[in-house]
Every structure is written in structure tokens, then in C-alpha cells.
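For reference, the structure discussed in these notes is given below.
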Amino acid sequence: MEYALLGWPPDGPTFQLDYRRFSYAGKFVMSATGKAVVREGEDIVAAVAFNEDRTDADTLWLRYVTVREDHRGEGVGPRLCRFAAEHARDRGYERIRIAVNNPFAFEALSKAGFAFTGEETGIAELVMVWPGERTRESYQSGLDVYRERDLSEAERTFLREREDADPPAVIPSTPTGDA
């Protein structure tokens, strides 16, 4: 698989994804965000959009992470987010943030090296930051927020399996290009 940065927000890269195979497919036709992708041959298997924080020029927000349905659970999403974060750091951003809306996304971003900030957005998403202080306490406090919500049985089971656990191991950096 090849990891590729398609451009930064001013560049406005766009592309179409099949809405039947990708969540947030319509967000990638917008030109106001930068984009990074994972390709398998000519096919995109994962994508992330990102933009600068409107009030803090040192912060970049990752938005709309999506992985094609047949590649979910393989670690492609966390690796792509780490890839984008490392490129953003190289471009001069001090902090990379993302807001996640479910415990599975929280876990994936934890694997990418993000840490829960203790903050939530106005739409009940948990804010994570990279680099961040990845401790058992911050990890469990994020999971605790989800434990208080109305969840599916799969989400409740997922959270029970992580009670009193340390954050997951951080995935290794993804080299530019093939991985």
C-alpha cells in the first residue's frame, strides 16, 4: 500500500469516493481541506481530510477519516492519521487534533499516538491531540466518557475488554510511499 499526501488546504485537492464503501464520502469532493490517502494500486482504500485551526495557526485538525469497508480493522486508518500528523509536524504544526465520536475511533487514534485531552466538542466528540500525554489515566478517562453513553452491545463489550488497561501500543511510523 502507498501512503500519499495529495495537498494542503490551500491546494484544495478533491476526489470522489464510493458512498456505499466509504463513510463521509461526500466530504472529499470539497476543496477547503488538505487530503492524504492510502492507495492499493490505483484504488484509494483510505482517506483523511485536514485543515488549520481557525484560531491557532500552530494546530492542524484531522477531519473525516474513512477506510474502505473491506480494509477496516487492518490498522490502515491509524497509520494514515499518523502519516498525516508527521507530515503536518514537518510542515511546522505543533499540534494535531482530531475529534472522535465512538470508542472504536478513540482506540484507533490511540494506536496512532494521539491522547485524550479531556475536552469534548459541542457535538459530544472527544478531542484527541498528537503529540499528547498517553497515560493510563488519560486513556481510561476517554473510555469512561463513552461508558456513560447509550452504546451498542459491540461498543459495551469493547469497553469492558479495556477496563483498567493501558493505552494500546503506538503503531510504527509509516514511511513516505509504500508501506
**Message:** Where the second residue is open to solvent by less than 60 Å² (accessible area, probe 1.4 Å) and of a type outside the set (D, E, K, R) and the first is more than 16 Å from GLU74 (Cβ to Cβ) and modelled with pLDDT of 90 or more and lies in the stretch 167-179, which pairs have Cβ atoms under 7 Å and are six or more apart or on separate chains?
**Reply:** PRO167/SER110; PRO167/TYR139; VAL170/GLY113
**Candidates ALA46, ALA25, ALA85 - the one that is touching a helix residue (DSSP H, G or I) at 6+ places or on another chain (Cβ under 7 Å) and either in contact (Cβ under 8 Å) with a residue 24 or more places away in the chain or open to solvent by 40 Å² or more (accessible area, probe 1.4 Å) (or both)** = ALA46
**Request:** Kindly provide the set of residues from the stretch 116-166 that are among the β-branched types (Val, Ile, Thr), at pLDDT below 95 and open to solvent by less than 70 Å² (accessible area, probe 1.4 Å), ordered by number.
**Result:** THR121
**Within the stretch 125-150, considering residues that are small (Gly, Ala, Ser) and more than 16 Å from the chain's Cα centre (by Cα), the one farthest from ASP90 (Cα to Cα)** = SER141
**Asked** Right, GLY73: without any contact (Cβ under 8 Å) to a residue 40 or more places away in the chain and open to solvent by 10 Å² or more (accessible area, probe 1.4 Å) or not?
**Response** yes
**Prompt:** On the given criteria, is ASP11 at pLDDT 95 or above and surrounded by fewer than 16 Cβ atoms within 10 Å (Cβ to Cβ)?
**Reply:** no
**Fill in**
In the set LEU109, LEU17, LEU62, LEU5, the lone residue that is of a type in the set (A, V, I, L, M, F, W, C), in contact (Cβ under 8 Å) with a residue 60 or more places away in the chain and buried (at least 17 other Cβ atoms within 10 Å of the Cβ) is LEU5
**Asked** Say we look at the stretch 88-106 and pick out the residues that are buried (at least 18 other Cβ atoms within 10 Å of the Cβ) and not hydrophobic (A, V, I, L, M, F, W, C); which of these is farthest from ALA154 (Cα to Cα)?
**Response** TYR93
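Okay, residues lined up against (1) farther than 23 Å from GLY73 by Cβ; (2) not charged (D, E, K, R):
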| position | (1), (2) |
| --- | --- |
| GLY7 | yes, yes |
| PRO10 | yes, yes |
| GLN16 | yes, yes |
| ARG21 | no, no |
| THR33 | yes, yes |
| VAL38 | no, yes |
| ASP43 | no, no |
| VAL48 | no, yes |
| GLU52 | yes, no |
**Prompt:** So which residues in the stretch 2-38 are on the phi > 0 side of the Ramachandran plot and within 18 Å of the chain's Cα centre (by Cα), if there are any at all?
**Reply:** GLY7, TYR24
**Message:** Against the condition in a loop (DSSP other than H, G, I, E, B) and closer than 23 Å to ALA115 by Cα, how does ARG20 come out, does it pass?
**Reply:** no
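The values are calculated or read from the model by the stated rules, or taken from the named source; none is laboratory data. Not measured: the values here are computed from a predicted model. Cβ sites come from the backbone with ideal geometry, for glycine too, and all protein chains shown count toward neighbours. Side chains are part of the model used for accessible areas, which takes the heavy atoms of the whole protein and leaves out ligands, DNA and RNA. Shrake-Rupley method; radii C 1.70, N 1.55, O 1.52, S 1.80 Å.
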